[in-house]
Structures are given as C-alpha cells and as structure tokens.
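Note sheet for the following structure.
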Amino acid sequence: MLETGETQQGFLEYPKGLNPFLDKQSSRLWYKGKCSILNGKLVGIVSARRIEPDLALKASEVVRELATLEVGFISGWHSPLEEEALRILITRSARVIFCTAKSLDRFNPSPEVKDLVSQGRALLLTHCSPKAKRISRDASLRRNQLVVGLADGLVVLSAPEGSASFKLARLAVSLRKPVFAPPHPINARLLASGVVPATSESILKVLQ
C-alpha cells in the first residue's frame, strides 16, 4: 500500500507491474496529492482527437455510467472527449488522477483542480522529473503509457485505426490489459481486434 494522509508531494518508486508499459528511463514518479488514490481500482480513459457527434454522445453516456462505479479514473485529460469525460466525473465527485507530460513545477492546474487536490479527490502525477524543461512527443507518449500501466482497465473513447490511441490500446491488449471502447465505426477496427464494447456492466465484471 502507498502512504495515506493529507495532501503530500514528492516522489515514489514505480508501482509493481508498471515496467512492461513504461520504458524504464527513471524509476520514479512525482506526485502532488494523496497517493492513496492509487490504491483503489483505476479505470484509464484515453481518446484520439477525431470525433463525430454520435460518438461524443455515446462516449458521454459511457462515462456517466462509469461515474456510478466505486473506482478512480486516470488520464491525461487532454483531448476533447477526455476533457468532457473529466467534466462529467468531477460533477459526480469521482476520484481522478491527472497524468502530465511535464514536471509538476511547470504544470499549472486550474483553481478547480487545485481544490480537488486539496480535498483529496485528485492526484497530480508525472514521470517527468523537476529538471524536465519542456513537453516533448516522447514525454507525451510516456504519459499515455503511464495511464495504461496504472489502470486496471482501459476505456478508449475514440481510436481511429493508426492513431496514437489505437496503438496504445493494441499495446494494452498485447499485454493482457482489459480494454473497452464504445461501439462506433471509428472504433470498428479496434473492436474487431478483441476489445470489449464499453458498458458499466462489462467493465465492473472485469474489475471485480
């Protein structure tokens, strides 16, 4: 178990089982918040930027269903569908983890996020050391890998074939990580590869 208590900041060693998902350039993760959020079941949420109106509606429905589960949620919360998922989860008092592709010294969260951290409902987490000066493509890819590695199950809201989200989902599948996606033509290729249609029932079954 990771330490619990009031809002903290510092670094921790890689949690057990993370190495297959993240190239081990460092053995540390930097955080701000309550690390106890990492101890519960976590659902990762990722999405490509490509969306269509009907997929956005389906994705929102899926996230609203997931918000009823007693789990935490982890993401970079960066693409439009990820941002909408975060908005829904916050309004439903879900526990959330923000994975950033920059050092926490350079990450400027909104006042709302700062409040969530101080309330113990959110954790800021990064693989970037305080010495990291800028965001790079590699840092962003490693951020996404961190989301997959820490999650007990991955929900991919949008994953056109060839996109970074598609490749990330296939990596998770190859390493036997449960992956889910809303049924939609954009996700057709991913679903055909063995990914499970995303519902609260299907995800809860795996997490239990």
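Between THR126, THR91, THR100, the Gaussian network model of the chain with springs among Cα atoms under 10 angstrom shows the greatest mean-square fluctuation at THR91. Specify which residue in the list SER165, ALA139, GLY76 is farthest towards the positive end of the charge dipole of the chain, using unit charges on the beta carbon of Lys, Arg (+1) and Asp, Glu (-1), about the Cα centre. Projecting each Cα onto the dipole axis, the largest value belongs to ALA139. May I ask you to give the percent of accessible area on region 63-175 that is carbon plus sulfur, with a probe radius of 1.4 Å? Summing carbon and sulfur atoms, their accessible area is 47 percent of the total for region 63-175.
Seen from VAL113, the other residues with C-beta closer than 11 Å to its C-beta sum to a net charge of +1, counting Lys and Arg as +1 and Asp and Glu as -1. Of SER193, SER47, SER163, the residue with the greatest mean-square motion in the GNM of the chain, using alpha carbon springs below 10 Å, is SER193. Across ARG49, ARG28, ARG142, the residue with the most accessible area heads the list, and the full order at a 1.4 Å probe is ARG49, ARG28, ARG142.
In order along region 181-192, phi translates into HN-Hα couplings of 8, x, x, 5, x, 4, 9, 4, 5, 5, 5, 5 Hz, rounded to whole numbers, per the Karplus curve 6.51 cos²θ - 1.76 cosθ + 1.60 with θ = phi - 60° and x for Gly and Pro. For region 158-208, the solvent-accessible area of protein heavy atoms averages 50 Å² per residue (probe radius 1.4 Å; ligands and nucleic acids excluded). Once the GluC sites (Glu not before Pro) in DSSP loops with at most 12 neighbouring Cβ atoms within 10 Å are cut out of the chain, the longest remaining piece is 71-208. Compared with the dominant Cα axis of the chain, that is its longest principal axis, helix 80-91 is turned about 70°. The calculated 222 nm mean residue ellipticity attributable to helices in the chain amounts to -10500 deg cm²/dmol, summing -39500 (n - 2.57) over DSSP H runs of n ≥ 4 and dividing by all residues. Computed over neighbours whose Cβ is under 11 Å from that of PHE11, the net charge equals +1, Lys and Arg +1, Asp and Glu -1. If R0 is 35 Å, what FRET efficiency do you get for GLU161 and LEU69 from their C-beta distance, rounded to 0.05? Computed FRET efficiency for GLU161 and LEU69 comes out at 0.75.
The values are calculated or read from the model by the stated rules, or taken from the named source; none is laboratory data. These numbers were taken from a predicted model, which means no experiment stands behind them. FYI the Cβ positions are ideal-geometry reconstructions off the backbone, even for glycines, and counts take in every protein chain you see. Heavy atoms of the whole protein, side chains included, go into the accessibility calculation; ligands, DNA and RNA do not. Shrake-Rupley method; radii C 1.70, N 1.55, O 1.52, S 1.80 Å.
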